[in-house]
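Take a look at the structure below.
The values are calculated or read from the model by the stated rules, or taken from the named source; none is laboratory data. In this text the structure is predicted, and so the values were computed from the model without any measurement. Please note: Cβ atoms are built from the backbone with ideal geometry, for glycine as well, and neighbour counts cover all protein chains shown.
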Amino acid sequence: MSAPKIYFGAGLFSKDQGYNSVEEIKPWLAVLSESKSIISSIDTAVTYRECEEWLGQLKVDAQFGFPIDTKLTGGPHPALVATKDNIIAQARESLSKTGAKQFGTLYLHAPDPRVPVEETLSGFDALYEDGVFKHFGLTYHTSEQVEEVIKHKISFVAYSPMAGGFLAKTSQQFRHQPESFHGRWDRAGFLGNVYHFLYNKPPALEALDKWNEIAAAEGISGEEMAYRWVAYNSALTTDDDMVIGATTIEQWKSNLAAIQKGPLSPETAARIDALWTPELKKDGILDNFVAIKGAMVSPM
């Protein structure tokens, strides 16, 4: 069984993820080059702080030949309204920063209710006619919003197969060890509040207990089980893609090794599918964009 195409999630290449300069991410180049036959594209975004500029300084496209995909801001940005002119200006600035000859996929990062969708799409249309990108993509859009934009065959890019690291944790950490949270889970930062808003809820914690029980019975880690399930046992097909990131080079190698082990057993896959109960679905959040808006008004 073949896995979906793999994208490297470069969102960690920024100062708020612990890297102070482009020099500190240079060791990743050798590692990514070793995986070049596996990686279909490098995934970045305008909102990933220094990421686009650093990718350009490393010449990941011009010198190393990695295709680059990026996301233009939409709803989340208070100033960059997704008008035609702003869409075109953002895309050309991203092209300049990354040094890419052409983007593989150019995404609208989130819907922007401040302008008609036709206005936003006219910017993408002009960019496509100029050869700025090959494929148009959407993230954080509902199925209804997708239908409004496009009505022909589309492929899916699955992000956050580890649920932001939630599936590598235990409920004990949430209930009794809050001091163990660092990085994106640190509640001292806004992103930490977003992730806790998404997952730190009784139904999700109960499911996490069962998730770890299933992994233990299979004799593998929760991390490996997550990557293999998304790659082989989820609704994704070989026409689709999945974005994989890592905090460290060792973690990246471990993630790839997990995927290369192939699908989970049918029994394990069935047990995982059974975790998606009506209670969990009712308490779930659609995506990170919805969670960001929710975390802004939540008393958490």
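At-a-glance table
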| quantity | calculated |
| --- | --- |
| Some residue of the range 4-12 being assigned to a loop (DSSP other than H, G, I, E, B), out of contact with any helix residue (DSSP H, G or I) (no Cβ under 7 Å at 6 or more places or on another chain), at pLDDT below 95 and surrounded by fewer than 22 Cβ atoms within 10 Å (Cβ to Cβ) | no |
| Residue ID - surrounded by the fewest Cβ atoms within 10 Å (Cβ to Cβ), chosen from residues in the range 19-28 that are touching a Leu at 6+ places or on another chain (Cβ under 8 Å) and either under 16 Å from residue 250 (Cβ atoms) or of a type in the set (Ser, Thr, Tyr) (or both) | 19 |
| Residue that is nearest to residue 241 (Cα to Cα), among those in the range 106-160 that are among the polar types (S, T, N, Q) and out of contact with any Pro (no Cβ under 7 Å at 6 or more places or on another chain) | 155 |
| Pairs where the first residue, in the range 271-287, is over 15 Å from residue 205 (Cβ atoms) and assigned by TED's automatic domain parsing to the domain that holds residue 209 and the second is modelled with pLDDT under 85 and not in a loop (DSSP other than H, G, I, E, B), C-beta under 8 Å, 6+ apart | none |
| Condition met for residue 207 (buried (at least 18 other Cβ atoms within 10 Å of the Cβ), under 16 Å from the mean Cα position of the chain (by Cα), under 19 Å from residue 273 (Cα atoms) and touching a residue at least 40 places away in the same chain (Cβ under 8 Å)) | no |
| Leading residue by the ranking (modelled with the lowest pLDDT) among those in the range 138-187 that are of a type in the set (Lys, Arg) and not in a helix (DSSP H, G or I) | 151 |
| Residue ranges of helices (runs of 4 or more DSSP H) in the range 212-291 with at least 3 members surrounded by fewer than 19 Cβ atoms within 10 Å (Cβ to Cβ) | 249-259, 266-273, 278-283 |
| Selection within the range 62-112 - of a type in the set (Val, Ile, Thr), under 18 Å from residue 135 (Cα atoms) and in a loop (DSSP other than H, G, I, E, B) | 73 |
| Which numbered condition residue 141 misses (of (1) surrounded by fewer than 18 Cβ atoms within 10 Å (Cβ to Cβ); (2) within 30 Å of residue 116 (Cα to Cα)) | (1) |
| Members of the range 36-70 that are closer than 13 Å to residue 105 by Cα, touching a residue at least 60 places away in the same chain (Cβ under 8 Å) and surrounded by fewer than 24 Cβ atoms within 10 Å (Cβ to Cβ) | 40, 41, 45 |
| Odd one out for residue 99 among (1) surrounded by 17 or more Cβ atoms within 10 Å (Cβ to Cβ); (2) within 22 Å of residue 290 (Cα to Cα) | (2) |
